[in-house]
Structure formats: C-alpha cells, structure tokens
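For reference, the structure is listed below as structure tokens.
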C-alpha cells in the first residue's frame, strides 16, 4: 500500500513537472497577441513563429519579439528576415531609446544573408534596405534617418500594393516623422487614411489598431480612434502595451474609468513579465501604466486610489536599464500626487532623481516641479499658487508629448486646483 502511494505521488510530481515545462515553453497564440500574416521565403517550419514575432513587434513588446526572432534565426540560419526582425526590435522610433549598435549589426547581417541566399525575395530585400536607413552611419541625426525610412517604406508600399504589412509599417513611420509643430496633423491624417480601410479588412491585426491610436493621439483627432482603442486590448490581451495604449485616447476624451481599467491590467501584465525581463522593459511598461493610472485617479477624484499608486511605486525594488518611459513616470507620479491635490509642502520636498534619463537635459520634470512648486516663502498661499501655475504652464508641452494629456485641465474632486482659476486669481510670473 505504501509503495502504491509513493508511486502515485511520483506520478503526480512528474505530471506537474511536465505541465510546468509546457507552461515555460508556452507559445503565445493569435488569440493572445493578434493575427498577422507576413509571407517570408524562409523555411516552412518558422512561418508561424515569424508571424507571432511580428505580432509582438506590432505591440511594441520589443524584448519578447527580439527573443522570438532570434529563435527563428537559430532554427533557420539563412533567414534574412529573422535578422530584419531583430533589427526592428531595436528601433524605437517614437522615443529614440533603442539599442542602435545592436540594431545596426542585425540589419547588416540581414543584408548579408539576403545577398547570399538566392531564395530571399525582392520584397524582403526592400524591407531590409528600407530599415538600413535607420542605422546608416552618415553623420545625420535620428530624425533624418526616420524620414529616410518613411520615404523608403512608402516606396515599398507603392511597389507591393497588396502587401498589408508594408502599408501598416509605412503608416507607423508617418506617425514617427510627424512634425510636432504641424497643427493640421497632415501625417497623422495620412496614417489614418492608410490604416482605417485595413482595419475593416483585418480587425484582429494588432498593428492596425495600435497605430491608429498613435496617429490619432492628439486633441483634434482623438475621437476618431476610439473604435480602435476599444478593440486593441481584445486583439492582443496578453500584451501589457496593448492594454495600456487605448488609454492614450481615453484620457484625451476624459473617459477616466476606461483609462483606469486599461492601466490596471497593463500594470499587472507588466509586473508578471518582470522576472523574465533582462533589460528593464517590463518595469518601464509597468511604471508607464502606473503613471497613467495615477493621472486618471486624480482627474476622477479618487484620491485614496491615487495615493495607493504612489505607495506602490515607492515600494518597487530598483531595476537597472530603465529608459525615459520609466524614468519619466518615476518623476511624474509623485509630482502629480502633490500638485493635483494642492499639497505644496509635499511638492516642496520633491527631489531631482540622480542618474535619470535626460529630458531636455537632466531630470527636467523633477527639477521643474520642485523648482516651481517649492514654497520660497513658507506659509505664503499666494506664492504657492503662483508657483503651481508656473509649473503647470512650463510642463504642459513636455507632458502632452510624453503622456498625451488632454489640453483641457480637469481639477480633481479630492482637492485639486483648477489651474484656469489659479491663473485668473494669481499673477503667474515666468
């Protein structure tokens, strides 16, 4: 009897180990990351994996996408497009925080493989040649390289009008290269004109919904992107970024509850990914979601929940290799908590974070918040309110670019100050 019990326990353990192994090697399905069809000339055995990797790339899950493309390269060492994928995973055009040397090495490998492998198609070579513009060593800046990439991807789209992926990636480059001073939003409108018809044909494609949100992430076009925003998280529910991204438009239109739900799930997914993340990307995404969550809680007057977000951020163990995405959130969350609630004493204690990724030279947000909101004359209500106006005005441009805040300011029911009244009541000096 005892022997039978031991054998039964051994069986259960072996089953548990097998299940754990299956979970460890779990490959994300189209139901989890979205549906992509990207024809390639590589071996048949890597086609499904390639489509999955491109789906991850479209949701800016760069670390996971890079791993997937690298695995394809191992399975088929002659596959030029696998190295193209690795190079694409290092190009973070909207933030310019990718690993340029690693991307340059990968795109060179892709070009070499394309030249030596007769099965590589002209279409695939055009993708590689277009991406090479990003990594060109010609002395030009990143913006010039992105414009050259956009031009090349436009040519690829024109040469292969039936290639949805060429059109989708071209639309992304239009968003990346959109001039920040263009209030007609010409690039963004062109982006939408490309993507909206494809969205009707491919409603489960992650890149289409994602890039519609990016292209319409401005006060003029935001409402146009709401159908895509409300679909994207359902298209790629396993992606932290796909769950966060819709909130870019939700906050534009003041849909605080939708923004809160989006970012709560995004933060949970990013937190679950942190143990496997080797470069800080998961923490970046987690902090980014927490920043949007803090903002939505404050704007909807949910002060207790907003304080809980700040406490959660402060309790996180430090990680290395954060980018501007994470560093900005670390500066913004405590600043929002203090200023939106009019807690000028707390605002005066904000400190500049040493070693943070520069925003216009150093920890711009931390310095500006602290410098403008510290009480230069303790006990002076007038001075504190004037300082708060200065801070809000000077930070508005930076916050709208990096966070996507709506132009209209909403005071919180939990004690936040209406900045318009502030400007009317106090003389704000710049």
Packing-based exposure ordering (other Cβ within 10 Å, fewest first) of 183, 307: 183, 307
Cβ-based exposure ranking for 217, 96, 141, in which fewest neighbours within 10 Å come first: 141, 96, 217
Protection proxy ranking, peptides 274-281, 344-351, 324-331, average beta carbon neighbours within 10 Å, highest first: 324-331, 344-351, 274-281
For 245, 231, order by how many other beta-carbon atoms lie within 10 Å, fewest first: 231, 245
Separation of alpha-carbon centers, the range 155-189 and the range 28-82, rounded to whole Å: 23 Å
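Computed from the coordinates by the stated procedures, all read-outs in this text should not be read as laboratory data. In this text the structure is predicted, and so the values were computed from the model without any measurement. As a convention, Cβ positions derive from the backbone with ideal geometry for all residues, glycine included, and neighbour counts pool all protein chains shown.
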